[in-house]
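Notes follow once the structure below has been shown.
The values are calculated or read from the model by the stated rules, or taken from the named source; none is laboratory data. Computed from a prediction, not measured in an experiment: that's the story for all the values here. So basically every Cβ, Gly included, is an ideal-geometry build from the backbone, and we count neighbours across all protein chains shown. Side chains are part of the model used for accessible areas, which takes the heavy atoms of the whole protein and leaves out ligands, DNA and RNA. Shrake-Rupley method; radii C 1.70, N 1.55, O 1.52, S 1.80 Å.
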Amino acid sequence: MKTMKLISAAFVAGAAMLLAAGLASAAEKIVISNWDGYMPKDLAEKFKAETGIEVEIAVHATNEEIMGKVVASKGEGYDVLFVSSPFAEALDKLGIAAKLDHAKIPNLVNLYPEAAQLKHDPGNTFSIPYTWGTTGLCYRSDVVKTEPTSWNDLLKPADDLKGKTTMLSTDRWLMAAGELAMGMSVNETDQAKLDQVKAQLIETKKTLLAYDDTTFYSKLVSGEASLVQAWDGWCNYGIAEKPEIKYVIPKEGSDLWVDTMVLVEGSKNKDAAYKFLDYILKADTGKWVVENIMYKSPNKAGMEAIDKSMLEKYPNMAITPADLLKYEQLRDLGDGMKSFSKAVTEILSSK
Amino acid sequence: MLPGLLWLGILMVVPCAIILVTAFYERGIYGGVDWSVATFANFTRSAEWLYLSIFLDSARIAALAAFFALLIGYPAAYAITKSAPRHQTALLFLAMLPFWTNYLIRTYAWIVLLNPKGLVNNFLQSIGLIGTPFAILYNEFAVILGLVYNYVPFVILAIYSALQRLDPSYAEASRDLGATALTTFWRITLPLTAPGVAAGAVFVFVLSIGNFITPDLLGGGKFQMVGNLIYDQFLTARDWPFGSALSVILIAIMLLLLFVQAIAANWARGESRAHA
């Protein structure tokens with residue numbers, strides 16, 4: 001019993017310390033969370049020089065990680081979050097994302113008009129797109145006998161490609177490959193349709209070299225793999241090393257993924273956070289993202305500032321925003337997530 | 001005593017209690033935990049064949065890893081005890097040396113070695129032994145190899161200490177009475193070091209069954225072990241309650257094993273004392 005008391009005393013003391021720390025930082029300082037390396041290293045420094053506002057940068061490795069941190073605490077301690085669009089949507093529905101006052105973000109004009117037409121948030125009421133792109137096939141044009149044009153070229157590979165393909169294991173994209181091949185929505189939750197996709201992906205698994213979310217492009221470079229499912233920007237990392245590597249969006253289409261910035265409703269420094277969002281929307285950051293992360297940017301001014309040779313070398317860069325918007329966005333599945341996850345587990349554990 | 005208890009309380013008991021409690025609730029629609037209704041649903045779901053088969057498969061892989069780790073670890077430990085005393089420390093040090101490197105890096109090293117364009121395949125192809133590359137990566141063989149490689153030092157240590165404690169006069173007496181070296185090993189040395197063997201095996205089993213990095217990297221994500229299943233519940237499905245329920249079950253299995261092993265070790269100690 002005595003131990004229990006001590007433990008609770010320790011908790012109270014810890015909580016008090018956190019509270020005190022919170023009060024002390026009420027000055028001009030904001031906390032943002034982003035993926036590691038997803039924005040220029042000197043951004044915080046430059047921003048401080050210009051505005052006097054200090055930026056503390058926290059990093060998260062995945063959307064799920066930052067969701068875990070903010071969902072329970074209503075975003076306490078954070079001002080701006082970088083998350084993918086389905087997660088921005090969930091943050092909005094949970095009341096953690098603030099409604100944006102566009103008057104405080106004049107640099108929104110730098111974005112393509114299409115950036116305000118995204119299905120998860122038309123008019124950018126709670127999220128601002130930071131990067132966007134497609135998921136398709138990345139392959140060694142010097143090795144494959146026929147250039148892939150369809151998701152089925154990956155799902156039902158030709159004999160010479162068996163054991164030389166990889167797929168993404170992140171649940172939504174894994175399923176999307178099958179859903180797109182069968183002409184379904186990438187947000188399907190109907191059990192019968194999920195079962196159909198599952199059956200195909202279990203068959204496909206037998207032909208895979210591996211599931212790979214992080215090194216698939218180096219497998220192409222080394223020649224371990226010949227055809228992989230890839231996010232466009234990541235295929236570019238392969239192209240940069242080996243020009244024989246090519247990227248294609250299958251004829252059945254792609255998903256449209258969007259990484260966004262969200263302002264936390266509970267932020268104690270909303271004005272400072274607005275200044276940060278506005279700063280990020282400068283052409284410079286958009287240009288940096290394209291040239292360093294090799295993703296497409298919804299920032300028109302940034303895209304126009306890049307070296308034009310990139311458009312030729314990296315074909316995803318040349319896709320127009322209007323074409324991009326033809327693809328369906330991944331949306332939060334809400335209650336459908338449970339049966340969806342189960343189907344994914346069945347695929348990943350199948351023999 | 002008290003600081004120790006406090007430490008244990010904060011770092012062990014509280015997190016485990018949180019996991020235990022979470023296991024009895026449902027996932028919120030947008031992730032997180034819906035605290036409104038308590039339920040056994042996560043445990044009944046864990047009992048579905050899909051998840052049960054993952055548990056069984058993990059146990060099988062962990063048992064194989066433990067078996068091979070013993071097969072390699074016992075002779076190694078035996079050789080170390082039989083070497084000159086001044087070499088023993090150095091040899092034990094060498095056995096532990098890989099632990100100085102991060103687990104992930106050691107695992108990636110195997111990818112470099114085993115992949116179809118890797119060192120092993122390139123070498124075998126260059127000397128003309130094989131035409132097409134061996135598929136030795138991204139399969140169950142690679143997963144077990146990775147587990148054995150990473151955990152064999154634990155077995156060596158456990159068995160080495162058991163062999164060290166063994167009074168050499170038992171083996172001498174056995175030889176004096178006419179038993180061959182092999183009989184002496186089977187009937188004297190091995191039974192008397194059984195507690196060390198059990199400790200090593202349980203260590204490898206427990207560490208392997210919860211492992212998720214090795215199946216992910218060396219298995220190419222094609223093998224779903226309990227560790228991966230739990231990882232996915234927390235980090236992709238955002239179903240913390242179900243992940244917690246699976247964790248509770250896994251912790252229970254591990255505790256049970258360690259408990260059985262402790263009892264067996266106790267019993268064996270009593271036995272040997274009775275003989276002495």
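Of note:
- Per-atom-type breakdown for chain A gives carbon and sulfur 56% of the accessible area (1.4 Å probe, protein chains only).
- Delta accessible area of at least 50 Å² on complex formation, residues of the range B:16-47, 1.4 Å probe, chain isolated as reference: B:Ile29, B:Tyr30
- Within a straight-line Cα-Cα reach of under 17 Å, A:Lys351 can be paired with the following aspartates and glutamates, leaving aside sequence neighbours fewer than 8 residues apart in one chain: A:Asp195, A:Glu203, B:Asp57, B:Glu140, B:Asp216.
- Spacing of the two label points (7 Å from each Cα toward its C-beta) at A:Met310 and A:Lys156, in nm: 3.9
- Local electrostatic count at A:Pro157 - Lys and Arg +1, Asp and Glu -1, tallied over other residues with Cβ under 14 Å: +2
- Members of A:Lys242/A:Lys308; A:Lys29/A:Lys282; A:Lys99/A:Lys338; A:Lys206/A:Lys326; A:Lys93/A:Lys275; A:Lys145/A:Lys251 lying beyond 22 Å, as alpha-carbon distances in this model show: A:Lys99/A:Lys338; A:Lys206/A:Lys326; A:Lys93/A:Lys275
- Taking max minus min of the alpha-carbon positions on each principal axis, the range B:46-134 gives extents of 54, 44, 25 Å, largest first.
- Accessible area in square angstrom per residue, the range A:213-300, 1.4 angstrom probe: 31
- Residues of the range B:215-249 whose accessible area, computed with a 1.4 Å probe over protein heavy atoms, drops by at least 50 Å² once all protein chains are present relative to their chain alone are B:Lys222, B:Gln224, B:Leu235, B:Thr236, B:Arg238.
- Between helix A:2-24 and chain A: long-axis angle, C-alpha atoms, 0 to 90°, nearest 10: 90
- With both labels modelled 7 Å from their Cα along Cα-to-Cβ, the B:Met254 to B:Arg86 distance reads 4.3 nm.
- C-alpha long axis of helix A:63-73 to longest principal axis of chain A, angle in °: 30
- Counting only alpha carbon atoms, the long axis of helix B:49-82 and the longest principal axis of chain B meet at about 20°.
- Ratio of Rg to Rh over the protein assembly as shown (Cα coordinates, Kirkwood Rh, two decimals): 1.02
- Estimated inter-spin distance, A:Ala72 and B:Asp34, nm [label 7 Å along Cα→Cβ]: 2.0
- FRET efficiency, B:Met96 to B:Ser126 (Cβ-Cβ, R0 35 Å, nearest 0.05): 0.55
- Two numbers describe the Cα atoms of the range B:158-217: Rg and Dmax, which are 16.3, 53 Å.
- Spatial separation of Cα centroids for the range A:258-316 and the range A:183-257, in angstrom: 26
- Peptide A:336-349 has a mean shielding of 5, counted as Cβ atoms of other protein chains within 10 Å of each residue's Cβ.
- Dividing the Cα radius of gyration of the range A:68-175 by its Kirkwood radius returns 1.13 for Rg/Rh.
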